[in-house]
Amino acid sequence: MPVFFGETAINLDAKGRMAIPTRYRDDLGSVCANRLVLTYSAFDAGCLWLYPEPEWERVREQVMSLYTFNPSHRSLQRRLVGSATQTEPDGNGRLLLPQTLRQVAGLEKRVVMMGMGQRFEVWNENVLTQRRIEEEREMLEQASPEMAQLVL
């Protein structure tokens with residue numbers, strides 16, 4: 001499976017579709033025959049996660065194997081699995097982002113699609129900008145010993 005990386009600012013059209021960046025299209029076609037799964041981010045408001053179907057199946061199995069008597073496990077299962085939707089790009093390489101997912105994530109005209117290894121994140125552009133400002137501040141204050149060992 002390829003490792004996805006990089007970011008692209010994208011305009012959503014009036015129907016809530018976004019164009020998949022051309023640099024990812026061939027890999028998505030070969031890895032998952034363009035079958036994708038879109039769901040909420042487990043951790044971040046203003047963000048959706050987009051998975052190639054084979055990677056989604058692995059994640060879904062892990063999430064659903066969590067002990068369901070734990071309320072936080074059920075919440076994660078609802079957020080990721082219960083809200084997930086399968087999607088495929090149209091002939092022009094555009095994905096329709098369902099209205100409910102767009103509304104809850106606050107996705108409007110401008111979004112940013114980021115390759116994050118085995119999945120993508122789709123962010124509200126303004127939320128991502130604000131998040132980066134906060135993260136820079138936090139990283140300076142809270143860098144872990146593991147982060148300090150990285151050669152960057």
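Rule-based calculations on the coordinates, nothing more; no lab input. Quick caveat: nothing in here was measured; it's all calculated off a predicted structure. Note: ideal-geometry Cβ built from the backbone for every residue, glycine included; neighbour counts use all protein chains shown.
Does residue 100 satisfy the criteria of being of a type in the set (Ser, Thr, Tyr) and either free of Cβ contacts under 8 Å to residues at least 40 places away in the same chain or out of contact with any strand residue (DSSP E or B) (no Cβ under 7 Å at 6 or more places or on another chain) (or both)? So residue 100 passes the test.
In summary, no helices (runs of 4 or more DSSP H) completely within segment 98-152 bear 3 or more residues that are over 18 Å from residue 38 (Cα atoms), hydroxyl-bearing (Ser, Thr, Tyr) and in contact with a Leu (Cβ under 6 Å, 6 or more places away or on another chain). Residues that are of a type in the set (Ser, Thr, Tyr) and more than 25 Å from residue 132 (Cβ to Cβ) do occur in segment 25-39.
Output the residues belonging to segment 52-103 that are closer than 21 Å to residue 10 by Cβ and β-branched (Val, Ile, Thr). Matches in segment 52-103: 85, 87, 100.
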